[in-house]
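K.L.:
Pasting a structure here, questions to come.
The values are calculated or read from the model by the stated rules, or taken from the named source; none is laboratory data. Just so it is clear, the structure is predicted and the values come from calculations on it, not from any experiment. Counting neighbours? That spans all protein chains shown, and the Cβs are built from the backbone with ideal geometry, glycine included.
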Amino acid sequence: MVYFNRIFLFILLMTITSCSMSNLVNSNNSNNYVIKYINLNAIYEYIYNNSNEAQEIKRKIDSLNKKISDVENSKLSGSESELNYYREEMVKLKEQERQMKSGFYSRIKSAVDSVADKHNADFVFNLSDGLLYSKSEYDITDEIIKELKSIDERTSPIYK
């Protein structure tokens, strides 16, 4: 999978490079690409660390993992049903976590779209997806986080 991601990124970067080179060669062509990048991990971490729901789910998962470990390490009779109960609860929590993460990525996508639109960006890359070099002036990570804060303020019932 990583191999295919690298091939895809290589092809994408070569395509962008060739398009950029054709702009240099053909001065009559007025296409100039605006390229920005983000650190998706930092943005996700910001949302995760500021989410009470995420912290609560993490606490419950950690607690359940400890209980599962304790039951697995004990040799008491009847512990199999207890273990099955904990595992079923873990499945429910993992589903809650998956839905929560999906919501996080939807929020991030909205913020990226908004900030990219402000910059008239043609491309926004993720720093951890193989970006080898870029000047920091093209990094819009902080702007994405500010946009997320702004969205929270506009949509949160606390601020209304």
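K.L.:
So is GLN55 surrounded by 14 or more Cβ atoms within 10 Å (Cβ to Cβ), of a type in the set (S, T, N, Q) and at pLDDT 90 or above or not? Don't jump to the end; show me each part of the working.
P.N.:
On the way: surrounded by 14 or more Cβ atoms within 10 Å (Cβ to Cβ): no; of a type in the set (S, T, N, Q): yes; at pLDDT 90 or above: yes.
For GLN55, the condition - surrounded by 14 or more Cβ atoms within 10 Å (Cβ to Cβ), of a type in the set (S, T, N, Q) and at pLDDT 90 or above - is not met.
K.L.:
Working only within region 106-119, note down all residues that are within 11 Å of the chain's Cα centre (by Cα) and without any contact (Cβ under 8 Å) to a residue 12 or more places away in the chain.
P.N.:
Passing the criteria: SER106, LYS109.
K.L.:
Can you name every residue in region 118-156 that is surrounded by fewer than 14 Cβ atoms within 10 Å (Cβ to Cβ), touching a strand residue (DSSP E or B) at 6+ places or on another chain (Cβ under 9 Å) and within 17 Å of GLY103 (Cβ to Cβ)?
P.N.:
none
K.L.:
Is it true that GLU82 is at pLDDT 95 or above and either over 30 Å from TYR33 (Cα atoms) or assigned by TED's automatic domain parsing to the domain that holds ILE47 (or both)?
P.N.:
Working: at pLDDT 95 or above: no; either over 30 Å from TYR33 (Cα atoms) or assigned by TED's automatic domain parsing to the domain that holds ILE47 (or both): yes.
No.
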